[in-house]
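The next block holds one structure in the form of structure tokens; read it before the comments.
What follows draws every value from the coordinates through simple rules; no lab data is involved. The model shown is predicted, which means the values in this text are computed figures rather than measured ones. Ideal geometry is used to build each Cβ from the backbone, glycine not excepted, and the neighbour counts take in all protein chains shown.
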Amino acid sequence: MISTQQLSATIEAIAVPGKGILAADESTSTITKRFQSINVESTEENRRIYRSLLCTTPNIQDYINGVILYEETLGQKTDQGQLIPLTLEKNHIVPGIKVDKGLVDFQNSTEEKVTQGLDDLDARMNAYKQQHARFAKWRVVFSISSSLPTQAVINANAESLAKYAAICQKNGIVPIVEPEVLMEGSHTLLRCHEVTSAVLKTVFETLPKHGVILDYIILKPNMVVPGKECADQRNPEAIATATLDVLKTYVPAAVPTINFLSGGQSAVDATINLNAINSQGKQPWLLSYSYGRALQDPCLKAWKGNLENINAAQKELFKRAKLNSLASLGKYNVSMENEG
Ligand code: 13P
């Protein structure tokens, strides 16, 4: 029996117009790659300094009301000596936790992946709750080629998302359901539309079979975009139309909020496209952001691992959060990039 009180309070705190989620839950191997790009060693202390910088950005709560953390960060402290999740809570930002344990090959394929981490998930939930996490994230991924993804991998990943979401809700934790169709490749916008449709169709057929209550999930999908190497990159209006077409077809109105991933779009493109999506009239769900790279990249570049750059780095994060907030309301204009 699910107690909906905690789930409903968390949804109320997160599904707020003009606010969104910061994804700061990179696994150690992923954050190591990000740090390599700025020549910073990925030590536990450097990761603490960086995540503390993100979570203590002055006034970030004006635009960010949830932060997805990596397990290590739940136990780390800010430079002021307070646990990072507690600092977030104090600023009315809901702490969340990435609970999947990454990708493994699907059956005999080296190209298709499934997500692992279900085995001990129920047991881990209690500890995460003790550490103040109130929502969770589980990511599955799909590569596009002329023959992929197979329906078999779509089914397997939808099953794991549904089982994870059911375990979360049973424990009073709101699940972020993240089926990501990757941007790598030369496929067209139309092909991304086709694959995202197949994925969301299966996901929303599977969630109810496991008793997941759609009113208490956050959907984190990709936007429908052409592959990075596709010659025809299309304009933001075409991306918005294709994205909304898929969402309107497959995502029930019971879902309160859809918070997109950025998936390798540039920081500015992710904002432009979110604004275009929110410029096509009112939809049944909120359409906001749960960006990792698109919120963090300019901040990471400004920081460069240097204590003296912390203020400048926080200003970059604040700027992206503010502009994405405006985009989630359809009130952004690219000329704002040069203001202030
Ligand atoms: P990006 O916005 O960088 O795609 O990251 C979002 C995320 O949480 C991926 O799981």
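Below, the figures for the structure above:
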{"quantity": "Subset of segment 41-70 [in a helix (DSSP H, G or I), touching a residue at least 40 places away in the same chain (Cβ under 8 Å) and under 15 Å from Ser27 (Cα atoms)]", "calculated": "Asn46, Tyr50"}
{"quantity": "Residue in segment 171-178 that is within 15 Å of Asp105 (Cα to Cα), in contact (Cβ under 8 Å) with a residue 40 or more places away in the chain, of a type outside the set (A, V, I, L, M, F, W, C) and touching a Ser or Thr at 6+ places or on another chain (Cβ under 8 Å) present", "calculated": "no"}
{"quantity": "Some residue of segment 258-277 being within 30 Å of Lys301 (Cα to Cα), part of a helix (DSSP H, G or I) and hydroxyl-bearing (Ser, Thr, Tyr)", "calculated": "yes"}
{"quantity": "Within segment 263-287, considering residues that are closer than 30 Å to Asp215 by Cβ and small (Gly, Ala, Ser), the one nearest to the ligand (Cβ to nearest atom)", "calculated": "Gly263"}
{"quantity": "The listed residue being touching a residue at least 60 places away in the same chain (Cβ under 8 Å) and under 30 Å from Val255 (Cα atoms), out of Leu300, Leu307, Leu329", "calculated": "Leu329"}
{"quantity": "Test result for Ala276, within 30 Å of Leu247 (Cβ to Cβ) and in contact with a Ser or Thr (Cβ under 7 Å, 6 or more places away or on another chain)", "calculated": "no"}
{"quantity": "Residue in segment 288-317 that is farthest from Leu54 (Cα to Cα), counting only those that are within 16 Å of the ligand (Cβ to nearest atom) and aromatic (Phe, Trp, Tyr)", "calculated": "Tyr289"}
{"quantity": "Sole exception among (1) part of a strand (DSSP E or B); (2) crowded, with 18+ Cβ neighbours inside 10 Å for Val104, by number", "calculated": "(2)"}
